[in-house]
Amino acid sequence: MDWETVIGLEIHAQLATQSKIFSGSATAYGAPPNTQANLVDLAYPGVLPVLNAEAVRMAVKFGLSIGAEVARRSVFARKNYFYPDLPKGYQISQYELPVVKQGKLTVMLDDGRAMTIGVTRAHLEEDAGKSLHEGLGSASGIDLNRAGTPLLEIVSEPDMRSAKEAVAYMKKIHTLVRYLEICDGNMQEGSFRCDANVSVRPRGREKFGTRAEIKNLNSFRFVEKAINHEVARQIELLESGGTVVQETRLYDSDKDETRSMRSKEEANDYRYFPDPDLLPVHIDESFVEAVRATLPELPDEKAGRFAREFGLSAYDAGVLSASRELGAYFEALAAELGAATAHPHAAHAKLAANWVMGELSSALNRDNAEITASRIAPAQLSGLLARIVDQTISGKIAKEVFEAMWAEGKSADAIIEAKGLKQITDSGAIEGVIDAVIAANPKQLADYRSGKDKLFGFFVGQVMKATAGKANPAQLNELLKLKLGGGAHDA
Amino acid sequence: MLHTFSIGELGRNLSSGQMSSVELTRHFLDRIERLNPALNALITLTAEQALIAAAAADRRRAAGESGPLLGIPLIHKDIFCTDGVRTSCGSRMLDNFIAPYDATVVTRLKEAGAVMLGKANMDEFAMGSSNETSFYGPVKNPWDITKVPGGSSGGSAAATAARLAPFATGTDTGGSIRQPAALTGVTGVKPTYGRVSRYGMIAFASSLDQAGVFAHSAADAAIVLKAMAGFDPRDSTSIDAPVPDYPATLGEPLTGLKIGLLREFFDGLEARNTALIQDALKIYRGLGAQTVEVSLPHLPLSVPTYYVVAPAECSSNLSRFDGVRFGYRCANPTDLLDLYKRSRGEGFGAEVKRRIMTGTYVLSAGYFDAYYLKAQQVRRLITDDFRAAFAQVDLLIGPTTPTPAFAIGAKIDDPVTMYLNDIYTIGANLAGLPGLSLPCGFVDGLPMGLQLIGPHFSEAKLLNAAHRFQEATEWHRQAPRGYE
């Protein structure tokens with residue numbers, strides 16, 4: 001049977017506030033256990049939560065960035081269950097009245113297709129602490145540093161039909177929250193993670209199949225693998241006559257499989273009710289407008305502008321706007337290059353784009369570094385690309401210079417000078433080399449002249465070899481054609 | 001005789017140098033030592049800290065500071081967290097709990113220079129109307145030690161009635177200040193919800209809990225409330241509104257004051273009780289007030305409404321007592337579930353468990369709409385009834401309780417009868433209104449309370465109305481035999 005996959009994601013983005021959502025404790029990652037947990041976080045008798053306004057501001061910022069409705073009134077509710085890392089015995093979350101409702105965003109898929117995915121809601125809640133089971137013998141430890149850290153839970157519509165689409169959506173949200181500077185997006189530290197709701201149905205059927213929820217996926221790769229695994233499991237189950245049960249499953253990245261955590265029957269009755277310790281959150285128009293005024297240029301806007309201003313393809317524009325920092329690097333490079341060549345900024349934008357997406361990205365990947373930690377600043381890279389534009393060096397030589405710049409931190413000109421890589425543009429000099437090459441290869445000359453056109457490349461290679469790659473390629477082509485072709489006419 | 005002085009008189013004696021706070025504190029500590037064993041009103045005595053605090057107050061006064069509570073002793077209900085002092089909430093669950101911080105109420109009174117003598121017994125987690133659910137045993141009513149003092153702030157009420165302190169703090173979730181004040185013949189004030197910070201006050205039902213005061217007169221209560229009240233950034237439900245100078249507004253004439261008689265409060269009230277209220281009304285009319293009858297049609301629904309809302313909130317509020325971080329932990333837990341079950345099973349008493357179970361039930365999937373949501377709707381109707389009444393009258397008046405103090409053991413096995421004791425007090429909590437109970441006479445030798453309820457933030461008006469009554473009567477000056 002032909003099965004269709006249906007996926008919805010619940011993304012948890014840890015908000016980048018200085019303090020926790022309902023207490024004054026710091027939210028920094030990696031502190032010794034329980035050093036960032038005060039009496040409120042420990043749920044001591046008598047303590048009360050006080051809402052961190054910054055968390056609300058960040059949630060509103062997110063809502064505005066996806067064209068969502070910002071609720072004028074939202075309510076915090078208690079989700080009741082017992083667990084040692086949940087000190088109050090309830091999690092403060094938003095249930096019936098979330099702060100952000102009904103938004104959408106567009107993602108570009110690898111095949112160039114654009115797809116719109118609905119965001120049902122985004123709500124504020126507090127994170128739980130962590131249970132520690134290693135190095136404590138038969139005991140378990142509890143670290144409440146994370147308890148009370150603000151989370152924005154972003155719930156999508158079940159709009160995705162493949163793991164790839166789900167990953168593209170998750171990446172887009174990841175890009176967005178970092179653009180908005182509301183989440184550091186650090187997936188290793190758990191700042192950005194998701195639960196995936198996965199079901200399958202026979203293609204063409206309207207009714208959704210029974211879904212399983214895969215919890216706590218903290219990398220794009222795991223999201224893709226876990227969904228693919230789960231889809232295969234469900235299809236195999238259905239095709240062998242079984243039924244999918246509604247349950248929560250865990251993805252084991254070591255074994256690449258999902259396994260049951262608890263079924264619907266075992267699920268907690270969370271007994272949600274409005275938290276009487278917190279007043280409803282009222283957001284007025286002026287607050288919304290003040291937040292709107294802080295919105296940066298958003299990824300889609302930036303990509304559109306790159307395409308428009310620099311004549312880049314939609315793909316290139318999308319890649320270069322994937323983060324604010326990358327976009328800023330590219331723009332700085334294009335501007336520097338424009339100034340260095342006294343050409344309009346857009347004139348060599350494609351060259352700049354190719355270098356950022358090509359050599360620079362590879363070098364960063366190799367070093368596992370962010371663009372902000374690039375060892376070559378835009379002005380330096382512009383210095384290199386300007387030498388390509390003015391034909392001092394060829395693109396091929398430029399790659400060699402780039403590697404030297406990356407390694408030594410010197411300017412392009414200094415390296416070109418020191419290594420004698422300057423391109424030969426003197427026609428007389430190139431002619432001299434061509435003559436010598438022709439003289440040394442009479443057989444190849446004869447073959448070429450008898451019609452073996454492919455040997456043209458051989459002669460180019462020989463000349464380049466003799467000039468250590470420094471002959472200007474365009475001039476070389478022209479002169480070589482003249483010398484070889486001239487002979488052919490004689491024949 | 002010092003224990004019969006008003007706070008104002010004590011203040012004058014302290015400032016004139018007639019006596020020191022240390023002497024005053026010693027006087028009350030002696031009384032507590034002598035009289036408390038028969039009453040069980042205090043469960044923690046902080047004599048040493050009290051004398052240190054009193055000496056500090058004396059130094060502050062010597063340095064030129066003044067203030068109506070500087071050096072005045074008090075007793076805190078054991079629901080308020082007190083830094084370094086056991087804060088048990090009347091429960092085995094917190095019998096070993098030394099609070100690491102002060103509740104805002106405690107801080108404010110400390111800053112005003114008041115001297116804590118100890119902590120008062122109470123119904124476990126403030127759940128009870130007789131102070132019989134305390135892990136530390138029942139409190140006896142000083143008017144008759146075979147009778148209950150009311151609850152949940154029974155220890156604070158009995159201690160105030162027995163003149164073990166000039167005043168005591170309490171909390172009122174469904175009547176827990178007003179009912180025991182009535183049954184022990186003292187003045188008790190439950191302020192508007194949000195008037196006094198709940199920070200550091202161990203939560204029973206967050207949307208209903210409010211801290212207040214027990215004193216020997218409305219004038220004394222006015223002084224204390226002024227010090228306790230005010231916005232607290234650590235309590236999101238506290239109200240950021242200026243605190244009136246309650247003592248300064250006492251004595252204003254009642255001419256033209258419109259007092260509403262709550263018809264629903266008199267249905268089925270015993271004739272002798274009704275007569276006491278009628279006598280009180282005569283006094284008010286003599287002071288220039290007008291009395292009219294008003295009806296709050298939904299008020300009879302307040303008890304069932306309360307017994308859905310309060311348990312729902314408490315079932316969640318008490319989840320933090322899980323044996324993990326503080327408080328009682330069962331011996332040798334075999335696993336996590338066993339730790340939870342036995343710590344809570346052994347740490348909580350029967351009434352607390354009953355309410356946690358009731359609350360868990362009314363919040364459960366499938367029952368939420370029928371109970372919790374319905375109760376919230378009725379709560380709104382009751383609030384609207386009050387609002388409509390206050391469009392016609394300035395204050396509402398009625399009895400605080402249906403009967404005087406009942407015998408210890410008489411109702412403890414019949415929760416519904418026990419719950420009905422709060423029938424007149426619960427409405428003000430559901431609507432968040434301020435209420436006050438003041439002594440208005442005796443039935444069978446036991447004190448009865450007159451209840452005043454006002455619109456939100458009308459504490460000044462309530463205190464003044466009570467004060468004018470107390471200027472015209474002597475009921476509040478009566479002390480139980482042996483405690484004069």
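The values are calculated or read from the model by the stated rules, or taken from the named source; none is laboratory data. Note that the structure is a prediction, hence the values are computed from the model and not measured. Here the Cβ is made from the backbone with ideal geometry for all residues, glycine too, and neighbour counts use every protein chain on show.
Among the residues making up region A:21-49, those that are touching a Lys or Arg at 6+ places or on another chain (Cβ under 9 Å), away from every other protein chain (no Cβ under 13 Å) and crowded, with 20+ Cβ neighbours inside 10 Å are A:Thr27, A:Gln36.
For (1) assigned to a strand (DSSP E or B); (2) within 14 Å of chain A (Cβ to nearest Cβ); (3) surrounded by fewer than 24 Cβ atoms within 10 Å (Cβ to Cβ); (4) hydroxyl-bearing (Ser, Thr, Tyr), each residue gets a yes or a no:
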{"site": "B:Ala55", "(1), (2), (3), (4)": "no, no, yes, no"}
{"site": "B:Pro68", "(1), (2), (3), (4)": "no, no, yes, no"}
{"site": "B:Gly71", "(1), (2), (3), (4)": "no, no, no, no"}
{"site": "B:His76", "(1), (2), (3), (4)": "yes, yes, no, no"}
{"site": "B:Cys89", "(1), (2), (3), (4)": "no, yes, no, no"}
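Residues in region B:358-370 that are assigned to a helix (DSSP H, G or I) and either away from chain A (no Cβ under 11 Å) or out of contact with any Ser or Thr (no Cβ under 9 Å at 6 or more places or on another chain) (or both): 3 in all.
Across region B:295-305, the number of residues qualifying as outside any helix (DSSP H, G or I) and either surrounded by fewer than 18 Cβ atoms within 10 Å (Cβ to Cβ) or β-branched (Val, Ile, Thr) (or both) comes to 2. If you go through region A:428-458 and keep only what is more than 17 Å from A:Gly469 (Cα to Cα), assigned to a helix (DSSP H, G or I) and out of contact with any Lys or Arg (no Cβ under 8 Å at 6 or more places or on another chain), you end up with A:Ala439, A:Ala440, A:Pro442, A:Lys443, A:Gln444, A:Leu445, A:Ala446, A:Asp447, A:Tyr448, A:Arg449, A:Leu455. Of the set (1) away from chain A (no Cβ under 14 Å); (2) part of a helix (DSSP H, G or I), all apply to B:Val292 but (2).
Can you find even one residue in region B:186-193 that is of a type in the set (Gly, Ala, Ser) and within 10 Å of the chain's Cα centre (by Cα)? Looking for residues that are of a type in the set (Gly, Ala, Ser) and within 10 Å of the chain's Cα centre (by Cα), one finds at least one in region B:186-193, hence yes. With the condition kept exactly as written, say whether any residue in region B:230-247 is within 14 Å of another protein chain (Cβ to nearest Cβ), of a type in the set (A, V, I, L, M) and over 23 Å from B:Asn464 (Cα atoms). No - not one qualifying residue is present in region B:230-247.
It is to be established whether one or more residues within region B:101-111 are assigned to a helix (DSSP H, G or I), under 28 Å from B:Tyr136 (Cα atoms), over 19 Å from the mean Cα position of the chain (by Cα) and polar (S, T, N, Q). Within region B:101-111, none of the residues are assigned to a helix (DSSP H, G or I), under 28 Å from B:Tyr136 (Cα atoms), over 19 Å from the mean Cα position of the chain (by Cα) and polar (S, T, N, Q). Please tell me if B:Ala275 is out of contact with any Lys or Arg (no Cβ under 7 Å at 6 or more places or on another chain), in a helix (DSSP H, G or I) and either surrounded by 20 or more Cβ atoms within 10 Å (Cβ to Cβ) or within 14 Å of chain A (Cβ to nearest Cβ) (or both). Taking the combined requirement at face value, the residue does not satisfy it. Quick one: A:Leu364 ticks every box in (1) within 19 Å of the chain's Cα centre (by Cα); (2) assigned by TED's automatic domain parsing to the domain that holds A:Val75 except a single one, so which number is it? Of (1) within 19 Å of the chain's Cα centre (by Cα); (2) assigned by TED's automatic domain parsing to the domain that holds A:Val75, only one is false for A:Leu364: (2).
The set of residues in region A:256-294 being among the charged types (D, E, K, R), part of a loop (DSSP other than H, G, I, E, B) and surrounded by 13 or more Cβ atoms within 10 Å (Cβ to Cβ) consists of A:Asp269, A:Arg271, A:Asp275, A:Asp277.
Of all residues in region B:71-93, those that are touching a residue at least 40 places away in the same chain (Cβ under 8 Å) and acidic (Asp, Glu) have Cβ atoms under 7 Å from Cβ atoms of residues that are surrounded by fewer than 24 Cβ atoms within 10 Å (Cβ to Cβ) and not in a loop (DSSP other than H, G, I, E, B), 6 or more apart or on another chain, in B:Asp78/B:Ile43; B:Asp78/B:Thr44. Can you tell me which residues in region B:341-357 are in a helix (DSSP H, G or I), within 14 Å of another protein chain (Cβ to nearest Cβ) and crowded, with 21+ Cβ neighbours inside 10 Å? Of everything in region B:341-357, those that are in a helix (DSSP H, G or I), within 14 Å of another protein chain (Cβ to nearest Cβ) and crowded, with 21+ Cβ neighbours inside 10 Å turn out to be B:Ser343, B:Arg344, B:Gly347, B:Val352, B:Ile356. Note on region A:100-174: enclosed strands (runs of 3 or more DSSP E) holding 2 or more residues that are surrounded by fewer than 23 Cβ atoms within 10 Å (Cβ to Cβ) and hydroxyl-bearing (Ser, Thr, Tyr) are A:114-126.
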